[in-house]
C-alpha cells in the first residue's frame, strides 16, 4: 500500500526536456501515474468476477466441501429453471422502473428548485443533500420503523388498522418511498449539472417570443439537457437494479419483495452455496452489463466515456 | 483553509441573485411566495425521516411503540445504552478507521490517475476511462461471493483491509471523474511562471499547484468518505465480529432484549450517531459536494 504514495507525490512535476524526448517521457509518466489505480480496479473487479465464473461452473457448497467438482453449466440451468429467479427478476424490474420514474420526475422538480429558487438557495441545497449523504441502512430503518404498525407514525396518519408491512402492496409502497427519498437528491444533482448548461438567453428569447413556462421547459430545457438526463437515468437505473440495503433491512425479501441481489446474498452467505450463488452473481453482472449496453448504444454516445475527453 | 474558503464564497453568493425587473411589488411577492412554498416542500420531504429517527431515539422503551411522532416521555438513555455496549463502540471505531484509510488511499490513487488523464497525452486514455466507467457501473453484490471465498482463504475475512480494499476500489471511479474535472480547470501555466520567477520545481508545486488542487481533493475526499461510511453490502458480507464490523452492519444485528422484541431505541440512537458526521459534512461542504458531483456528472 505504501508504494502507491510514491507516484502520487512525484505526479505533478513533469520535467520539460527536448521535444521528442518529452512525448516519450510524458507517456512513461502517464503510465506510471495511471497504473496503480488501474491495477487496483482491474484486480479487485476482474479477478473476482472471473473467479465467480469459475465457481459457477462447479458444485461448490461450503457445507459439503468434499463434494466439489466441475459440473459445467448445470448451476445456470438450475437457476434459470427456478421460478424464484424469474420472480426476483420481476420484483427487481418493478422496483427499478417505478422508483426511477418517480425519482426522475421529483428529481427534475428538485433540480429546478435548486437551480432557480430566489429563496434560501443555500439552505435548500444543503438540506436536499441530506438524504443522499445519509447511511442507506439508516434511511431504511427510519422508513421501516415509520411504516411499521408497531412503532410508526405513518399507519396512524393514514388511519390504517392493519400493518402495511404485512402484505406485498404495502411493503412495495414503503420500499419504493424509501428508495425515492434516498435517491432523488442524487438524480437532482446529476440533472442540475445539465440545467446549468442551458443558456439563460435562450430561455429569455423564447419568453419574449411568447412561449409559456411549460413550452420553454419541454422545447428548450429538456432537449439541451438530454446528455445529463441519460447519464442520470443510466446511473440510477443500474443502481436501483442492484437494490439490496433497503430490502434487507425491511424484511430480507419476505412479502414477495426479494430482489436479485438479495437472492444472490442469501444463496451465497446463508445457504453457503458458492456454485449456485456465483451463477446468480454472473447472471446479475450480465443483466447489468446488458442494461448499460442498451442505454449507451440505444440512446446515443452521450453517456459514453469518450465524453470525458471531448468536453 | 478549505472551511474558510467555503464560508467566504458561500457568503459572497448569498446576496440576492436575481432581482425581478418588473418593478411590480405584487409580482415579486407572488414569486417569493411560490418559491417559499416549493422550498418548504423540499425541506419537509428531506427532513421528516431524519427528524423521525431522532424522535424515536429519544423515546423511552415503554413509549417506543406508541406510534407518536413526538415522544411523550423524553430520554437520553438509548444513547448511554449503546455506548455502554462493545458492539457499537467498536463498530464506530471500525467505521471511522476503515472509512478514513479508504478515503486517503482512494484519493491518492485517483489524484495521480486524474492528473495523467487531465494533463498528459498518452495512448489508451479512452481504455482507462472505459475501465473507470465499467467499475462505476459494476454490481458490487456480484463480488461478494468470490471475495468472501478469497478473503477466507488468505486471511482477510473480518479484517480492516478486507473492507478497505473493496471500498477503495469502488470509490476510485467517482474520485477519478471528479478530480480530473477539477484538474482540467487548474491554470497549470502558473507552475512554470513561478519557476521563471526563481522558485524551485518543488516550491512551485507546493506553493502554487497544491493550493489550487486542494479544493478538488477536499471535495473528492468528502464524497469518498460518504461512500465508504455508507456501505452495507460488503460490511455485512465480509465481516462477522467486532474486529471489523462497521456501524451499518452492527445496527442490523443489534440484539433485542428477547428474540421477539426489536431494539427500537438502540437502533434509532445508533442511526442518529452514524448520521451526525454526514449531516455535518453536508452542511459544511454543501457547495463543494454539489460542484463535485455536478462536475463529475458533466465531464464523466
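Set the Förster distance to 22 Å, then compute FRET efficiency between residue A:201 and residue B:28 from the Cβ-Cβ distance, nearest 0.05. It comes out at approximately 0.50. A protection proxy built from the mean count of other Cβ atoms within 10 Å ranks the segments B:150-158, A:148-156, most packed first, as A:148-156, B:150-158.
Within 10 Å of each Cβ in A:186-194, how many Cβ atoms from other chains are there, averaged over the peptide? Please list the in-between numbers first.
Details: counts 2, 0, 3, 8, 6, 2, 5, 10, 3.
Per residue, the number of nearby Cβ atoms from other chains is 4 on average.
Taking packing as the residue-averaged number of other Cβ atoms within 10 angstrom, the listed peptides A:163-172, B:220-229, A:243-252 run from highest to lowest as B:220-229, A:243-252, A:163-172.
Taking the stretch A:71-95 and a reference point 7 angstrom along Cα→Cβ of residue A:270, the backbone N atoms nearer than 18 Å belong to A:79, A:82-92. Over the stretch A:154-238, Cα pairs under 8 Å with separation of 6+ residues give a relative contact order of 31 percent. Cα-Cα pairs above 35 Å in the protein assembly as shown: how many percent? Looking at the protein assembly as shown, the distances longer than 35 Å represent 43 percent of pairs. When chain B is treated as a GNM with alpha-carbon contacts under 10 Å, the residue of B:200, B:32, B:239 showing the greatest mean-square fluctuation is B:32. Rounded to 0.05, the FRET efficiency of the residue B:62 and residue B:276 pair, given R0 = 30 Å and the Cβ-Cβ distance, is 0.70. Stretching residue A:150 away from residue A:76 to a fully extended chain increases their span by 22.5 nm, per 0.36 nm per residue minus the current alpha-carbon distance.
Working from label points 7 Å from Cα in the Cα-to-Cβ sense, the residue B:40 to residue A:97 distance is 3.7 nm. Put a dot 7 Å past the Cα of residue B:192, heading toward its Cβ, do the same for residue B:243, and the two dots end up 5.4 nm apart. Rounded, prolate or oblate: pick one for chain B, where a ≥ b ≥ c are the square roots of the eigenvalues of its C-alpha gyration tensor, a/c under 1.5 means rounded, and failing that, prolate if a/b is larger than b/c, else oblate. It is oblate, given that a/c is not under 1.5 and a/b is not larger than b/c.
When ranked by the protection proxy of mean other Cβ atoms within 10 Å per residue, highest first, what sequence do the peptides B:138-149, B:42-53, A:256-267 form?
Working: B:138-149: 24.6, B:42-53: 18.7, A:256-267: 23.1.
Going from most to least packed, we get B:138-149, A:256-267, B:42-53.
For the residues of B:101-112, the average number of beta carbons from a partner chain within 10 Å of their own beta carbon is 5.
Mean separation of Cα pairs under 8 Å and 6 or more residues apart, divided by the residue count, gives chain A a relative contact order of 25 percent. When the Gaussian network model of chain A links Cα atoms closer than 10 Å, the mean-square fluctuations of A:107, A:277, A:298 top out at A:298. Once C-alpha pairs closer than 8 Å and six or more residues apart are averaged by separation and normalised to the residue number of the stretch B:119-216, the relative contact order reads 27 percent. All C-alpha pair distances within the stretch A:163-311, sorted into 5 Å bins from zero, spread as 2, 8, 13, 14, 14, 14, 12, 9, 6, 4, 3, 1, 0, 0 percent across the bins. Rounded to the nearest 0.05, what FRET efficiency is calculated for residue A:22 and residue B:214 with R0 set to 41 Å and r the Cβ-Cβ distance? Result of the calculation: an efficiency of 0.90.
According to the square roots a ≥ b ≥ c of the eigenvalues of the Cα gyration tensor, what is the shape class of the stretch A:28-130, taking rounded for a/c under 1.5, prolate for a/b larger than b/c otherwise, and oblate for the remainder? Don't skip to the answer; put the middle values down first.
Numbers: a/c = 3.88, a/b = 1.58, b/c = 2.45.
Because a/c hits 1.5 or more and a/b fails to exceed b/c, the stretch A:28-130 counts as oblate.
Indicate the gyration tensor shape class of chain A (rounded, prolate or oblate), computed on the Cα atoms with a ≥ b ≥ c the square roots of the eigenvalues: a/c under 1.5 is rounded; otherwise a/b larger than b/c is prolate and the rest oblate. Oblate is the answer for chain A, as a/c is 1.5 or above yet b/c matches or exceeds a/b.
Can you pull the mean other chain C-beta count within 10 Å for peptide A:104-113? The partial results should precede the final answer.
Working: counts 0, 0, 2, 0, 0, 3, 5, 1, 1, 5.
Across A:104-113, the average partner-chain Cβ count within 10 Å equals 2.
Laboratory data are not the source of any read-out in this text; all were calculated from the coordinates shown. Being a predicted model, the structure only gives us computed values, none of them experimental. With ideal geometry, Cβ positions are generated from the backbone for all residues, glycine too; neighbour counts draw on all protein chains shown.
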